[in-house]
Amino acid sequence: MSFDYYASLDEKRTCPREVNECGLAAGFVAECTVWSCQCNPQDQKAPDPKNEARKLYINRAAKLELKLPRELRIEPELAHLPNPSWFGIDISFILETPWYSKDDRPFHLLDNPVRKDRIFGIPFMSAASWKGLLRWAYGMNAGLVGACKELDSGKIKKAKEQIVHLFGNEKDEQKKFRSGALVFYPTWFDKIGFEVINPHSRKTRAGTIPIYYEVVPAGREGRFRLLYAPLPGEIEKDKVKAADFIDNLIDAITALLETYGISAKRTVGWGTARIKTWTGFVKAGSFAPNTVEEFRKEIKNRIAQSKGGGQ
């Protein structure tokens, strides 16, 4: 009897037959990975376990529909905000190109598995990733990245104050560190696909060794949600009101999703999306205009009407 999980899997020396109830969190993935390492170099006629395991995993993982358990109620609830200065934004988008973020799982049969939740085995984009990317996009749109020389000192100072108010300080900040007024939530995806990059030899012009990427395929829908929730007195202390930054925030979100992309390997075009719907939440209720310009106008009106929001 073995008390080591992977050692017990190695004793089976059989192909995993089906995906267990853990999905792609454990079990099936671990069995395929261990099976791919069971090669016998002395037996030339034996099939390549690594290739066979990879084909099996790709075939079965691509057929799965991955869902979060509804009973856990992990999704955020923005419909009932307690403070009139708070507001929420919920954006539904459809991927135009594959989305990829490398998983940190140390033992996997693929070299480039997509990032998945450790418990549910569902691909997701973390809240921290959203925060970092949107901070960068906000700085790009404000002219703080690569174009500071073209702005006057007043505009630069104002943009930096808004970024600190919304996103907090940089990681290396030692004094008066703060997280920012924006709260981000993870985005969950329900499907896995695979892309292949086949590098070619410059001499033979032929493919060498194909590189497999596990991705969320184009055409899948995702949701980006954030909450503006400043601490009591934070608006007065920072002297930054929602009316000052709401236009820049909407422009940064639009540019991030539809132009820059939210995926690793953005330089090859991965991770761009088409925004489907905008939904806003304030204490008085929710609203869902048809276009981004209508959303911009409506949320500015709601902020102006709220206590301390835009006056």
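Rule-based calculations on the coordinates, nothing more; no lab input. None of the values given here were measured: they were computed from a predicted structure. Cβ coordinates were reconstructed from backbone atoms using ideal geometry, including for glycine residues, and neighbour counts include every protein chain displayed.
Worth a mention:
- Relative contact order for region 108-248: 28 percent, from Cα pairs under 8 Å spaced at least 6 residues apart, divided by residue count.
- Residues 133, 144, ranked from the fewest to the most other C-beta atoms within 10 Å, line up as 144, 133.
- With neighbours defined as other Cβ atoms within 10 Å of a residue's Cβ, the residues 187, 254 order from fewest to most as 254, 187.
- Sorted by Cβ neighbour density within 10 Å, fewest at the top, the residues 177, 87: 177, 87
- Only Cα pairs under 8 Å and 6+ residues apart enter the sum, and on that basis the relative contact order of region 183-311 stands at 18 percent.
- Spatially, region 260-284 and region 78-156 are offset by 8 Å when compared through their Cα centroids.
- In this structure, residue 178 and residue 77 have a Cβ-Cβ separation that, at R0 = 30 Å, corresponds to a calculated FRET efficiency of about 0.75.
- Other residues whose C-beta falls under 9 angstrom from the C-beta of residue 65 contribute a net charge of +2, scoring Lys and Arg +1 and Asp and Glu -1.
- Think of region 56-162 as a dipole: +1 on every Lys or Arg Cβ, -1 on every Asp or Glu Cβ, centred on the Cα centre; then among 81, 142, 62, 142 lies furthest on the positive end.
- A Förster distance of 30 Å, applied to the separation of the beta-carbon atoms of residue 196 and residue 126, puts the FRET efficiency at 0.70.
- Short-range pairs are left out: with C-alpha atoms under 8 Å and at least six residues apart, the relative contact order of region 85-172 is 15 percent.
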